[in-house]
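The values are calculated or read from the model by the stated rules, or taken from the named source; none is laboratory data. If you're wondering where the values come from, they're calculated on a predicted model, not measured in any experiment. Glycine gets a Cβ as well: all are built from the backbone with ideal geometry, and neighbour counts include every protein chain shown.
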Amino acid sequence: MSEERSAAGKPGGRHDPASSMSGRAERKASDILGGRSQGSFLKRLLPFLGPAFIASVAYIDPGNYATNIQAGAQFGYALLWVIFGSNLIAMLVQAMSAKLGIATGMNLAQTCRAAYPPWVNWALWVMMEIVAMATDLAEFLGAAVGIQLLFGLPLWAGGVITAIVTFLILGLERYGFRPLEAIITGFVAVVALSYLVEILIAQPAWAAMAASFTPPKLPGSEGALLAVGILGATVMPHAIFLHSALMQNRIRPKDGRELKRLFRFEIVDVLVAMGIASFVNAAMLAMAAAAFHFTGKSDVGTIEEAYQTLKPLLGNASSLVFGISLLASGLSSSTVGTSAGQIVMEGFIRKHIPVWLRRLITVIPSLAVIISGLDPTRTLVISQVVLSFGLPATLFALLHFTSDRKRMGVLVNRPLTNAALGAATALVTALNVYLIVMTMAGQGG
């Protein structure tokens, strides 16, 4: 076991009930890690499922709706490869984030604070707060639009209802991590089932979907903008910080063997949760392509237009299911985004504000967008591009720490893992530079 972990029993921040288990649950998990519990693999896996599902909410939030619907409507299946590529990167990154929390007992923000000079940490904190604002904007707007579409309420009223429901869900943290995980997992299930229904209704062309991968391509500057938006909506910085926090001291392995076993269980958690997220994202794009691009309605560019257009194209059930999934996505991701913002602030600068105050602060820019009359969907897309700009520094820090043997102990990255994570970091950085150059040349978006 690494020195960092043994020194991190109290990781320098306020105790977060959502990142630790109840005594009974922890004893059960400890028995499984120690080989003292028998049963099928699924039965032994169940106590360890959950953290990746909370993190996966960031991968199916309203920002994904905006980017995937526009990508499918404008370019058909051409950007489907971006979704699967982004989700492969997400699986790797989330596994590494979880491993950092398991090995050190510290989350990524706390590890940055311990390793880097103050000016670097302040710069990282400011960057991540900007990213958090973009995240909150996307999630809040998405839920508000969902309420507006389903119930016919004004957008501002949907925003107020979203804030109230988010407060109620966040209040579950006082009862430990399991109630919150159950609610969030339920929301994920609603979104996944909704898009299973949408795919059955839309009946996309499977052969054309497969052909879109050979070879992968970016169809022009707008296609590149949407590709970077998809990447930003999929590999989200705040989800990386969140997952490491969810795993820190959640279960306390006794030795290196138990550390490895815990990480293997968490890999399964990541594969299942991110696999579901990958299916949902692909289904969003495929539904938009089948319903809009190949029916001569490639100009559908907003979530509201998609909702209204689905009804005459595919029937009342399709638009209703779409609205329900959007609402579930917005409420769950808004809740998770607020928790991630708390973790980032406490980790980098050791400051804590009440969760209700943070939620109230993040409501202000979203309401400003609503009142100003800006296009919610275009705002969602741009917010996802902002998210992608926060990724290079986050991924570099994750690579730096998980490749450090002294810090990680028996869970230090293998050379192949370092190479894969390094390649992902380079790819994300290159895509961002490409978008910046295009935008400065007057060709972006």
**Message:** Which condition from (1) assigned to a helix (DSSP H, G or I); (2) surrounded by fewer than 19 Cβ atoms within 10 Å (Cβ to Cβ); (3) of a type in the set (A, V, I, L, M, F, W, C) is the one that Ile147 breaks?
**Reply:** (2)
**Request:** Go through the range 83-105 and give me each residue that's among the small types (Gly, Ala, Ser) and closer than 17 Å to His400 by Cα.
**Result:** Ala95, Ser97, Ala98, Gly101, Ala103, Gly105
**Prompt:** Among (1) modelled with pLDDT of 80 or more; (2) outside any helix (DSSP H, G or I), where does Ala426 come up short?
**Reply:** (2)
**Prompt:** So is Met127 of a type in the set (A, V, I, L, M, F, W, C) and part of a loop (DSSP other than H, G, I, E, B) or not?
**Reply:** no
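Yes/no per residue for (1) buried (at least 19 other Cβ atoms within 10 Å of the Cβ); (2) of a type in the set (A, V, I, L, M, F, W, C):
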| position | (1), (2) |
| --- | --- |
| Trp122 | no, yes |
| Val131 | yes, yes |
| Glu139 | yes, no |
| Val160 | no, yes |
| Gly171 | no, no |
| Ala189 | no, yes |
| Gln203 | no, no |
| Ala208 | no, yes |
**Search result, residues across the range 222-245 that are part of a helix (DSSP H, G or I) and closer than 16 Å to Val344 by Cβ** = Pro237, His238, Ala239, Ile240, Phe241, Leu242, His243, Ser244, Ala245
**Message:** Condition first: within 22 Å of Asn87 (Cα to Cα), assigned to a helix (DSSP H, G or I) and among the hydrophobic types (A, V, I, L, M, F, W, C). Can you find one or more residues in the range 246-258 that meet it?
**Reply:** yes
**Fill in**
Those residues of the range 298-346 that are polar (S, T, N, Q) and under 19 Å from Val197 (Cα atoms) come to a total of 7
**Item:** Which listed residue, of Ala66, Ala98, Ala73, Ala55, is hydrophobic (A, V, I, L, M, F, W, C), in a helix (DSSP H, G or I), within 13 Å of the chain's Cα centre (by Cα) and surrounded by 22 or more Cβ atoms within 10 Å (Cβ to Cβ)
**Value:** Ala55
**Request:** Within the range 245-303, work out how many residues are surrounded by 21 or more Cβ atoms within 10 Å (Cβ to Cβ), under 24 Å from Tyr65 (Cβ atoms) and among the polar types (S, T, N, Q).
**Result:** 2
**Asked** What do you reckon, is Leu88 without any contact (Cβ under 8 Å) to a residue 60 or more places away in the chain and more than 20 Å from Leu259 (Cβ to Cβ)?
**Response** yes
**Prompt:** Going through the range 96-143 one residue at a time, which ones are small (Gly, Ala, Ser) and farther than 18 Å from Ser332 by Cα?
**Reply:** Ser97, Ala98, Gly101, Ala103, Gly105, Ala109, Ala114, Ala115, Ala123
**Answer residue from the range 402-431, given it is among the aliphatic types (A, V, I, L, M) and under 23 Å from Lys254 (Cβ atoms) and is farthest from the chain's Cα centre (by Cα) among those** = Val410
**Message:** Can you say whether Val369 is among the β-branched types (Val, Ile, Thr), at pLDDT below 80 and within 30 Å of Pro253 (Cβ to Cβ), as far as the supplied structure shows?
**Reply:** no
**Prompt:** For residues in the range 271-318 being in contact (Cβ under 8 Å) with a residue 12 or more places away in the chain and of a type in the set (S, T, N, Q), which is nearest to Val93 (Cα to Cα)?
**Reply:** Ser278
**Prompt:** Would you say Ser319 is in contact with a Lys or Arg (Cβ under 7 Å, 6 or more places away or on another chain) and farther than 20 Å from Thr379 by Cβ?
**Reply:** yes
**Complete:** Of the residues in the range 194-215, those that are part of a helix (DSSP H, G or I), under 22 Å from Ile60 (Cβ atoms) and in contact (Cβ under 8 Å) with a residue 24 or more places away in the chain come to Ser194, Tyr195, Leu196, Val197, Glu198, Ile199, Ile201, Ala202, Met209
